[in-house]
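Before any comments, here is the structure.
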Amino acid sequence: MNEIGMTTNEIIGLALIIIGVLFDLSGCVGLVRLPDVYNRIQASTKCVVLGTTLILLGAMVSLASPQAVVKGIICILFILITSSTAAHALSHAAHRSGVSLWDKSVIDRYAEDHGHENNEEGAL
């Protein structure tokens, strides 16, 4: 223990948790501030994956028990797999259903890759 009554593991764990919470909060701000569904999906997915992973890592370091580490690793793997898969499915469905890009979007890579014209009416 040091002067503030915390072990080194607890201090490092708390720092990771605080950084993770800040990333999660920035993802929430992105959901409110960004202009279209595609930008919102991208911001929320990246921030939530990184933020939640850091929170779980902080808990693993702070608790420093084998059970916490195993559970944390399983949860991190689950988040890494499901979050990116869900973001892809949501953006693919939004694009196929005709949700338009933001007016100032420069390029539509999905439409280019699949031979679609950028259709304003939303019918692909």
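Worth a mention:
- Net length gained if the chain between ALA15 and LEU80 were fully extended (0.36 nm per residue, minus Cα distance): 21.3 nm
- Only Lys, Arg, Asp and Glu carry charge here, each on its Cβ (+1 for the first two, -1 for the last two); on that basis the stretch 8-113 has a dipole of about 100 debye about its Cα centre.
- FRET efficiency for VAL32 and LEU90, using Cβ-Cβ distance with R0 set to 22 Å, rounded to 0.05: 0.80
- Burial order of peptide ranges 47-55, 7-15 (average beta-carbon count within 10 Å, highest first): 47-55, 7-15
- Relative contact order, percent, the stretch 8-113 [alpha-carbon distance under 8 Å, six or more residues apart]: 32 percent
Quick note: the coordinates plus some simple rules give every number you see, no bench work behind them. Quick caveat: nothing in here was measured; it's all calculated off a predicted structure. Glycine also receives a Cβ, built like all others from the backbone with ideal geometry; neighbour counts cover every protein chain displayed.
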